[in-house]
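The values are calculated or read from the model by the stated rules, or taken from the named source; none is laboratory data. Since the model is a prediction, treat every value here as computed from it, not as a measurement. Cβ coordinates were reconstructed from backbone atoms using ideal geometry, including for glycine residues, and neighbour counts include every protein chain displayed.
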Amino acid sequence: MRRNMALGSALAGVMLLAAACSSGEGNSAAVGDTPPSGATSKPPAPTSPAAKQPIILAFGGDVHFEGSLRARLANPRTALGPIARTLRAADFSMVNLETAITTDGSPAPGKEFLFRAPSSAFAALKAAGVDVVSMANNHGMDFMESGLRDSLAASKRSRFPTVGIGRNAAEAYRPYRVTVRGTRLAVLGATQVLDDHLIPAWTATDAKGGLASAKIVPRMVQAVRQARRGADAVIVYLHWGQELRECPLPRQETLARQLIAAGADVVVGGHAHVPLAGGFLRGRYVHYGLGNFVFSSAHGATANSGVLLLQLQGRKVLKVKWKPARVVGGLPRLLTGSAGAAEHRRWSGLRRCTNLTATP
């Protein structure tokens, strides 16, 4: 965590977004969307002495360490490759860890794909600048109860925080709370995607461990309301959507509205293995799908990726930037020049099938 970083480093992410504005990528709240012809930027409103400092949040999508990526864990410091520079430049970074952290356990029955990784995965994520992961997804308990116990034990030993998973419902739905340069964040994780035959075994309850389920909407609403207390901003990272579908499902849109009404300020997530749109909904920010991020099997459309950067002040998202990337050899590489511009245009166009707006 870069909570006590030097001033110059702390401003690196802010400068990154400011540079995007000055380079013609937009001066509205959605950095990267070109303003209409003749539009002028408004001077910033006066800031009171008590106002929170703007901070930069970075979000990446689905991560596992299968296939060719497993060998990279031999050197955790460089396991995520060059994308780590972007994650470390932000004040707070988060991804979805789509794997059990175990070397043992019984495989979940009836699953075609099973993911697991050693505890060095946590060291690799920490070294890359990731501050917390959600493990609430359809691979978080691929090795059932014993794998869950191993994942939780590894998180504790590594002192690496996870959300969306726990020894009981209270732990699984509990927010990770951290103060970042004076801003108190509360971060939740949950999944709306579970194999039907595994829902009873994988869903955390008062009596058993498991995952936070976004299928149980009243419990999710309660979790957001509880997280709201004592927090300047509430972030919810969800596993949701339909694989390869570039538009959100109605249940995603409904849940986003419900969580925002409960007090969420930023709602992001993934699962579709392709990027979906992001934008504003009722003044809060929603991103329906971050795509694959560190994923050995990504290819074709599923290799489209990116990093979402949000400049946050208190509860308000001031600026947004989507930095397009392409997964090559399992690792995301940022796109630049004409390739980056073309992919950003394509991504911006995905907003047409949502009820999101480019500006608040």
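If I ask for residues that are of a type in the set (V, I, T) and surrounded by fewer than 21 Cβ atoms within 10 Å (Cβ to Cβ), which ones from segment 318-341 would you list? Steps first, please.
To start, the set of residues in segment 318-341 that are of a type in the set (V, I, T) comprises 320, 327-328, 336.
Residues satisfying the conditions are V328, T336.
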### Residues of segment 230-257 satisfying the condition of being aliphatic (A, V, I, L, M) and buried (at least 24 other Cβ atoms within 10 Å of the Cβ)
A233, V234, I235, V236, L238, L255, A256
### Task
Kindly indicate whether G105 is crowded, with 20+ Cβ neighbours inside 10 Å and small (G, A, S).
yes
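Given the options L281, L276, name the one that is at pLDDT 95 or above and within 16 Å of N96 (Cα to Cα).
Working: L281 fails: within 16 Å of N96 (Cα to Cα).
After applying the criteria, what remains is L276.
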### Message
It is to be established whether one or more residues within segment 205-226 are over 18 Å from A153 (Cα atoms), in contact (Cβ under 8 Å) with a residue 40 or more places away in the chain and acidic (D, E).
### Response
no
### Odd one out for D104 among (1) at pLDDT below 95; (2) outside any loop (DSSP other than H, G, I, E, B); (3) charged (D, E, K, R)
(2)
### Message
What are the pairs with Cβ atoms under 7 angstrom where one residue, in segment 76-96, is more than 19 Å from F122 (Cβ to Cβ) and the other, located anywhere, is surrounded by fewer than 23 Cβ atoms within 10 Å (Cβ to Cβ) and at pLDDT below 95? Sequence gap at least six, or different chains.
### Response
A89/A12; A89/L16; D91/R2; D91/A10
